[in-house]
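Here is the structure we will look at, set down as structure tokens.
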There are 2 protein chains.
Amino acid sequence: MMDKAVKIGFLGCGNVGSGVWRLLEGFGRDISHRTGLSFEVKHVLVRDMTKPREIDFPQGVLTDRVEDVIDDPEITIVLEFLGGEEPAHQWMLHALQRGKTVVTANKVAFALYWHELQKAAKETGAGLYYEAAVCGAIPIIHSLDESLQANRISRIYGIVNGTTNYILTRMSKDGSAYEDVLAEAQRLGLAEPDPASDVEGLDAAYKLSILASLAFHGRVPFDNVFVEGITRVQSEDIRCGQELGYTLKLLAIAKRDGLRVETRVHPTFIKNEHPLANISGAFNAVFLYGHACGEMMFMGRGAGDMPTASAIVSDLVRAASTNHHLYPTFENAECPAIALQKNTDWHCPFYVRMLAYDKPGVLSKIAQTFADHGVSIAAMQQKGDKLNGRVTLVFITHSASEENMQLAICKIGEEIATVESIIRVEQD
Amino acid sequence: MMDKAVKIGFLGCGNVGSGVWRLLEGFGRDISHRTGLSFEVKHVLVRDMTKPREIDFPQGVLTDRVEDVIDDPEITIVLEFLGGEEPAHQWMLHALQRGKTVVTANKVAFALYWHELQKAAKETGAGLYYEAAVCGAIPIIHSLDESLQANRISRIYGIVNGTTNYILTRMSKDGSAYEDVLAEAQRLGLAEPDPASDVEGLDAAYKLSILASLAFHGRVPFDNVFVEGITRVQSEDIRCGQELGYTLKLLAIAKRDGLRVETRVHPTFIKNEHPLANISGAFNAVFLYGHACGEMMFMGRGAGDMPTASAIVSDLVRAASTNHHLYPTFENAECPAIALQKNTDWHCPFYVRMLAYDKPGVLSKIAQTFADHGVSIAAMQQKGDKLNGRVTLVFITHSASEENMQLAICKIGEEIATVESIIRVEQD
């Protein structure tokens, strides 16, 4: 084992950057003892050098000139903590073009510009590492890349957004309303002041685009992911689902069947016994199925400064340990091996709650409308309490086509029943 | 990416070896397309060349001479599927001494001779890979080695034996007796005809020795692991635990606090909400805590030919992709950084079930005996039904020393109560 000193630079130094600094400061000696690698942070790019900071950076480390990081010939590895699309994308590209290895926690810029960034990295032989971009501390990227190579992965189910999992867990446990739990999560700092990216499912969709691309060895662009967030989830549906043995999660789902790929993020009922059902609060988890390994699940903290720093520093150690960086291969980069059209007509069971007029023939009309569209009913419950002359009906269907289901719902006229909620179900 | 043909040899070809053969046969082209590596199995060592086999090996592949595998200069990677201590240990050593990389699924030989095998590997620069030795397909070894390097890991809780997890899951769900479920598991091929290694916890202890050594960066020999199996588990305790909100698992537990390390395998009550509580049937899972990553869990199939083959082939690809094999560093190989004495006086809460005479003063005597030994009671239940003038008392204690607990139990004389069961509890 040779001792090797590695000079690195930070682009940005918010929570995650500070976490990495503290982790290297507090645990760098242990890493050095075990690996022979020592890291020196030469420059940290910040917007405002006069801003008071918790970390007491040595003289000369802070800079507000990006060139001090991406053009410094001594710096061989650049850690990107800016987040968002630009200028992160341009600066990572710039660093890679100069042969500097990039370690990033930026799911947005990475998901959108992966192809371009990887091309630049390959051209100069630089490394491109992004474990921290998906599910924080969980080594899911590394496992897909280097532990599951012998598998044809056909399904991924991920709880990849901690904010929405916290909200749904609280709604499930207390029966609280969405708006109340969101407001509380914002007070606790578990949700952003503008929560749109989390609660509308976009954050999960970026991560799913990365996971599905790696798992299926074909690029699945962000735009191909169907997205529905949790903003319309009602506690009543969570309760009705619980009575039927289901837990509600915002799942990121990717399936591959031959050349057909479907990727979707939406609230999903899963069985209470499923290992994902016990993943509570702000935790993340990824469940997958490979033809050799069978079912597998990874769980851990998907956000937070230190968990994310754990993944960043692991990438840093791996990047610095090799002279020969590896890049995933995408079949559809060369040939259209997997279909890239956006698939929105998948098949799954559905949970449907409606308020139906309590008069003869209504149930048979509903059942007939479902049947006319090829939707077959697996279970039905009528709730006791009448509301304005209407009763609550809850259906679980057998697996049906999304398209047919939507058509059936349109056909159930308002004179018969109003459909309050449709929630997709995974039975696996 | 350069194309590289790699000649490999098998030592043994039972279920796992056959699984690896089939995986390479069926998925080798995909692996080759993605990694540039192609594998040719040159020789397969078997005991009896005349035995009928499901695989139609090409002429000249099967051999009953070990030299054809470990002395063939063309073979660069040896896959060991013999299991057990000898001759697996000697043959792996021999191969490593000749500079051949070894990939093994053999927890016993590896746990017992790790130090010697690693020394031989380092001397010739050969690689030593053992992902499949612990928890089958789950990439826990690789994750500890290459994804959690920035963590001081302080706790590991593993469900690392599928046979016992299947038995305990069935006992929990049906209330069946241990003997009945074991017999059924044997009929289904989920338990060996001689189940001792599984049900007495030895298999789990070998795996824990490997996991704790890697996680704590100090060798924890197999002999240092305290072991208690599931042979004395009674359904009644599982039921009483369930009423109190606990699930019973055979846990492999490793904790490090400074220089103090404790490793133990025993039936353990964990809270129903714990992610490990939902790991059912023959699945394995490892839950751990690192100072940066926080809580993390890996779940998957811990046995079976294809899941184990998934881990073997992943090791094979990694071994063939590098010229520079890495070895874990053990602090206590050079200096006694962690204490190596067998710690048996840990602290934890306890579940105690006893049959007590239903007369005045008995409860106070029991409570006093506990108190005299520093054991404080967190919860107590008296069961309604009397049995021969005695009532069932179930206690959950606060965290107490194992030693004091055992002393207290001895002091509760038979004239007061008979202690039916003591089960350790983890509250994390």
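The values are calculated or read from the model by the stated rules, or taken from the named source; none is laboratory data. Remember, it's a predicted structure, so these values are computed and weren't measured experimentally. Positions of Cβ are backbone-derived with ideal geometry, glycine not excepted, and every protein chain shown enters the neighbour counts.
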* Structure fact -> Screening A:GLY158, A:GLY241, A:GLY218 for residues that are crowded, with 22+ Cβ neighbours inside 10 Å, in a helix (DSSP H, G or I) and small (Gly, Ala, Ser) leaves only A:GLY241
* Breaking point among (1) away from every other protein chain (no Cβ under 14 Å); (2) among the aromatic types (Phe, Trp, Tyr); (3) in contact with a helix residue (DSSP H, G or I) (Cβ under 7 Å, 6 or more places away or on another chain), for A:PHE395 -> (3)
* **Contacts under 6 angstrom Cβ, first residue in segment A:137-162 being without any contact (Cβ under 8 Å) to a residue 60 or more places away in the chain, partner crowded, with 24+ Cβ neighbours inside 10 Å and small (Gly, Ala, Ser), 6 or more apart** => A:SER147/B:SER314; A:GLN149/B:SER314
* **Given (1) at the interface with chain A (Cβ under 9 Å from one of its Cβ atoms); (2) touching a helix residue (DSSP H, G or I) at 6+ places or on another chain (Cβ under 6 Å); (3) among the small types (Gly, Ala, Ser), number of the condition B:GLY304 does not satisfy** => (2)
* Structure fact -> (1) touching a strand residue (DSSP E or B) at 6+ places or on another chain (Cβ under 9 Å); (2) in a loop (DSSP other than H, G, I, E, B) all hold for A:VAL20 apart from (2)
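Would you mind stating whether A:LEU23 is within 14 Å of chain B (Cβ to nearest Cβ) and over 20 Å from A:THR124 (Cβ atoms)? Spell out the reasoning first.
Working: within 14 Å of chain B (Cβ to nearest Cβ): yes; over 20 Å from A:THR124 (Cβ atoms): yes.
The answer is yes for A:LEU23.
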* Filter result (more than 18 Å from the chain's Cα centre (by Cα), part of a loop (DSSP other than H, G, I, E, B) and more than 13 Å from B:GLY12 (Cα to Cα)) within segment B:76-121 -> B:THR76, B:ARG98, B:GLY99, B:LYS100
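Being in the same structural domain as B:TYR289 (by TED's automatic domain parsing), modelled with pLDDT of 95 or more and under 30 Å from B:TYR130 (Cα atoms): is that true of B:LEU182 here?
Yes.
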* Of residues in segment B:248-278 being more than 17 Å from the chain's Cα centre (by Cα) and among the basic types (Lys, Arg), the one nearest to the other protein chains (Cβ to nearest Cβ) -> B:LYS271
* To do: Scan segment A:171-180 and give yes if some residue there is within 14 Å of chain B (Cβ to nearest Cβ) and more than 21 Å from A:LYS255 (Cβ to Cβ), otherwise no.
  => yes
* **Residues of segment B:158-216 satisfying the condition of being farther than 19 Å from B:GLY304 by Cβ and among the charged types (D, E, K, R)** => B:LYS173, B:ASP174, B:GLU179, B:ASP180, B:ASP194, B:GLU200
* **Residue check for B:LYS122: modelled with pLDDT of 95 or more, buried (at least 24 other Cβ atoms within 10 Å of the Cβ) and of a type in the set (Lys, Arg)** => no
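Being at pLDDT 90 or above and either in a helix (DSSP H, G or I) or at the interface with chain A (Cβ under 8 Å from one of its Cβ atoms) (or both) is the filter here; which residues of segment B:329-352 pass it? Give the derivation first.
Looking only at segment B:329-352, we keep the residues that are at pLDDT 90 or above, and these are B:346-352.
Selection gives nothing.
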* Asked: Inside segment B:130-155, can you point out the residues that are facing another protein chain (nearest Cβ under 10 Å) and not in a helix (DSSP H, G or I)?
  -> B:GLY136, B:ALA137, B:ILE138, B:PRO139, B:SER147, B:LEU148, B:GLN149, B:ALA150, B:ASN151, B:ARG152
* Which of the residues that make up segment A:283-293 are surrounded by 19 or more Cβ atoms within 10 Å (Cβ to Cβ) and either more than 9 Å from chain B (Cβ to nearest Cβ) or over 17 Å from the mean Cα position of the chain (by Cα) (or both)? -> A:ASN284, A:VAL286, A:LEU288, A:GLY290, A:ALA292, A:CYS293
* To do: Please state which one of A:THR35, A:THR104 is touching a helix residue (DSSP H, G or I) at 6+ places or on another chain (Cβ under 8 Å), of a type in the set (Val, Ile, Thr) and over 30 Å from B:GLU331 (Cα atoms).
  => A:THR104
* Which condition number does B:ARG47 fail, the rest of (1) farther than 25 Å from B:LEU202 by Cα; (2) surrounded by 14 or more Cβ atoms within 10 Å (Cβ to Cβ) being met? -> (2)
* To do: Please list, ordered by first then second residue, the pairs with beta carbon atoms under 9 Å, 6 or more apart or interchain, first in segment B:390-409 and outside the structural domain of B:THR369 (by TED's automatic domain parsing), second assigned to a helix (DSSP H, G or I).
  => none
* Would you mind stating whether A:VAL102 is in contact with an Asp or Glu (Cβ under 7 Å, 6 or more places away or on another chain) and more than 12 Å from every other protein chain (Cβ to nearest Cβ)? => yes
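Identify all residues within segment A:1-57 that are of a type in the set (Gly, Ala, Ser) and either in contact (Cβ under 8 Å) with a residue 12 or more places away in the chain or closer than 15 Å to A:ALA319 by Cα (or both); write none if there are none.
Our first condition is that a residue be of a type in the set (Gly, Ala, Ser); within segment A:1-57, this holds for A:5, A:9, A:12, A:14, A:17-19, A:26, A:28, A:32, A:36, A:38.
The answer is A:ALA5, A:GLY9, A:GLY12, A:GLY14, A:GLY17, A:SER18, A:GLY19, A:SER32, A:GLY36, A:SER38.
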* Single residue of B:GLY374, B:GLY413 found to be outside the structural domain of B:ASP237 (by TED's automatic domain parsing), more than 30 Å from B:MET297 (Cα to Cα) and free of Cβ contacts under 8 Å to residues at least 24 places away in the same chain -> B:GLY413
* Going through segment A:13-31 one residue at a time, which ones are within 21 Å of B:GLY218 (Cα to Cα) and either surrounded by fewer than 16 Cβ atoms within 10 Å (Cβ to Cβ) or among the charged types (D, E, K, R) (or both)? -> A:GLY26, A:ARG29, A:ASP30
* Give the residues of segment B:24-64 that are of a type outside the set (Val, Ile, Thr), within 20 Å of B:LEU82 (Cβ to Cβ) and in contact with a His (Cβ under 9 Å, 6 or more places away or on another chain), sorted by residue number. => B:LEU62
* Asked: If you go through segment B:307-327 one residue at a time, how many are more than 8 Å from chain A (Cβ to nearest Cβ) and more than 22 Å from B:ALA5 (Cα to Cα)?
  -> 2
* Tell me which of these B:SER18 doesn't satisfy, since it passes every other one: (1) within 14 Å of another protein chain (Cβ to nearest Cβ); (2) over 20 Å from A:LEU148 (Cα atoms). => (2)
* Name the single residue, out of those in segment B:221-238 being of a type outside the set (Val, Ile, Thr) and in a loop (DSSP other than H, G, I, E, B), that is surrounded by the fewest Cβ atoms within 10 Å (Cβ to Cβ). => B:ARG232
* Condition broken by A:LEU190, with the remaining ones in (1) assigned to a loop (DSSP other than H, G, I, E, B); (2) among the aliphatic types (A, V, I, L, M); (3) under 28 Å from A:TYR113 (Cβ atoms) satisfied -> (3)
